[in-house]
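The values are calculated or read from the model by the stated rules, or taken from the named source; none is laboratory data. Treat the numbers as computed from the prediction; the structure is a model and nothing was measured. Cβ sites come from the backbone with ideal geometry, for glycine too, and all protein chains shown count toward neighbours. Just so you know, the surface numbers come from the protein's heavy atoms only, side chains and all, with ligands and any DNA or RNA stripped out. Shrake-Rupley method; radii C 1.70, N 1.55, O 1.52, S 1.80 Å.
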Amino acid sequence: MHDLVIRGGTIVDGTGAPRFTGDLAIDGGQIVQAGGTAGAARRVIDAQGALVTPGWVDVHTHYDGQATWDPWLTPSSWHGVTTAVMGNCGVGFAPVRPQDRDWLIGLMEGVEDIPGAALSEGIRWQWETFPEYLDALSRTPLAIDVGAQVPHGALRVWVMGARGAEEDSVATPADIDAMAAQVRASLAAGALGFSTSRTLIHRGADGRLVPGTHAARDEVFGIGRVLGEFGHGVFQMTSNHVDMPAETVWMRELARETGRPVLFNLQQIDERPELWRELVAALDEARAQGLPLVGSIPGRPAGVLYGWRSSIHPFMFHAAWHEVRELPVDARMQALRDPAWRARLLAEPEPPVDNPRARFMLRSFAKMYPVDATRPDYEPPPAASAAAVAAARGVPPLQVVLDWMDADGGEGLVYFPIFNYAYNDFSHLHALLQHPSTMISLADGGAHCGMIVDAGLPTYMLTHWTRDRTRGPTLPLEDIVRRQTSHTASVYGLHDRGVLAPGRKADVNVIDYARLGFDAPRMAYDLPAGGRRLLQGARGYVATVVAGRPILEAGRPTGELPGRLVRGG
């Protein structure tokens, strides 16, 4: 008598092999049979006509704080994620001394747009060191599994104090030895790696860059070598995209010296639309030398969403907006409906935007698209842009954006693909998703709460890339499943999951493929202290199973909490 049998589904086992039909039998949290006809079970899930896949292994999330209060790590678990890796981009909440907690919250708030009040109220501090943080997670009720990396920002301030947060500070040999010792203790306790940020985009609430952004080679290698000592763990870096060709030189050297995967964000940028090709060439060179250099890529653009409730929109520097922006949410939304206010807003000359990046984001009307409330399109044609629609209507582009944001009673959203859309299509992503040295990443679950919700990326990978794409070729279902299960798991050394085979961990998705889809993003105020965040629901997940126990059925939580901390090594 098996614990659970998933009966009669189409099994896509996570290896990339052709799909097959049969039963999946589970005992004691492990798969004992994949294919054929299984015997009787205490519980049966009917998977006739459905896909049966491994649970998704999402290696780029920011649930470091949320994991202490939200067992389901929403919205990622809604989209079939059964393992989430945190501590990316050099930010996180350990190690930390009590007096630095508020500073770390401000760092996360500034870098990842997670409301500081929500973090202050929600985090249940039970640690100072990173091993103590892992122990706290191991005691926390969870529906899905979590793992964590040591963040450079927190580590640097733990060792160097306030000096570590100064942008021009240089770590001394003693500082580097102390940071390496902390990483050594963290890897021994089960950290999945080390993360850092070298992008000038990431700044804390105080306006300063993430500590370690300008870290010198001796600091980076002094920490990175510890990974080689242990023989497990990754080196994850959020890249400053323009400078990446030079960065790949030392990254290849670090990969050669340590033998550990060195990951960097590989994205197409509008400033240099062909730069991605140079980075692919660097990946090819590293692969030819047997070096584990990995480009972390998304399956769709990082999509900033403009709206009246969002953190950013094209009217944010207008005087009329400043009249209402500090009002309570309901009062602000009421004020927006005042015809006199709207007339003043549209009559204003466009205010100057001095910051080049902000100017690019707020005035690139050829890159702004409406979000359909029933079926969002993340690969829209140029003719659907605000610039094109404005030209066709003979009105200013800001009028078009205003109309789109006013839709649905003022809840309308405007999509701005900040990366990966310089060609106005996904042709380069189609190539990157087939490259042997790239890895699906950057869903950013739990982060960018007021402007981005890409945590539904695992669902999108199946709907768009294997079924619905019309502006270019699709990709094989078996490979897209492999890329977000066994492949992501293997890069992080999680070899017990990601494949539906006897002896593997029974993390499983049962999917109504024909019905699989996602809702339009919406703003919710459900974080601690009433904090806001964008959410995007999913449709078509018959069941999500973790360690042999269904945690969601037909999109509803079962109350089961079989998740646990995953320790590396």
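Of all residues in segment 41-59, those that are in contact with a strand residue (DSSP E or B) (Cβ under 7 Å, 6 or more places away or on another chain) and either of a type outside the set (Val, Ile, Thr) or free of Cβ contacts under 8 Å to residues at least 24 places away in the same chain (or both) total 12. Given the structure, is Arg532 in contact with a helix residue (DSSP H, G or I) (Cβ under 9 Å, 6 or more places away or on another chain), under 30 Å from Val414 (Cβ atoms) and basic (Lys, Arg)? Yes; evaluated as a whole, the condition is true for this residue.
Residues of segment 292-305 include none that is free of Cβ contacts under 8 Å to residues at least 24 places away in the same chain and of a type outside the set (Gly, Ala, Ser). Being assigned to a strand (DSSP E or B), basic (Lys, Arg) and either touching a residue at least 24 places away in the same chain (Cβ under 8 Å) or open to solvent by less than 10 Å² (accessible area, probe 1.4 Å) (or both): is that true of Arg533 here? For Arg533, the condition - assigned to a strand (DSSP E or B), basic (Lys, Arg) and either touching a residue at least 24 places away in the same chain (Cβ under 8 Å) or open to solvent by less than 10 Å² (accessible area, probe 1.4 Å) (or both) - is met. Pairs linking a residue in segment 131-143 that is under 25 Å from Ala506 (Cβ atoms) to a residue that is open to solvent by 20 Å² or more (accessible area, probe 1.4 Å) and in a helix (DSSP H, G or I), with Cβ atoms under 7 Å and 6 or more positions apart or on different chains, are Leu134/Ala189. Within segment 198-216, not a single residue is open to solvent by 10 Å² or more (accessible area, probe 1.4 Å), at pLDDT 95 or above and in a helix (DSSP H, G or I).
Is there a residue being part of a helix (DSSP H, G or I) and open to solvent by 10 Å² or more (accessible area, probe 1.4 Å) anywhere in segment 489-507? Yes, that holds for at least one residue.
One residue stands out in segment 388-432 among those that are assigned to a loop (DSSP other than H, G, I, E, B) and hydroxyl-bearing (Ser, Thr, Tyr): the one that is surrounded by the fewest Cβ atoms within 10 Å (Cβ to Cβ), namely Tyr423.
Only residues that are more than 17 Å from Ala431 (Cβ to Cβ), among the aliphatic types (A, V, I, L, M) and under 25 Å from the mean Cα position of the chain (by Cα) were counted across segment 255-286, and they come to 3. The residues of segment 93-136 that are of a type in the set (A, V, I, L, M) and under 13 Å from Trp158 (Cα atoms), listed by number, are Ala94, Val96, Leu104.
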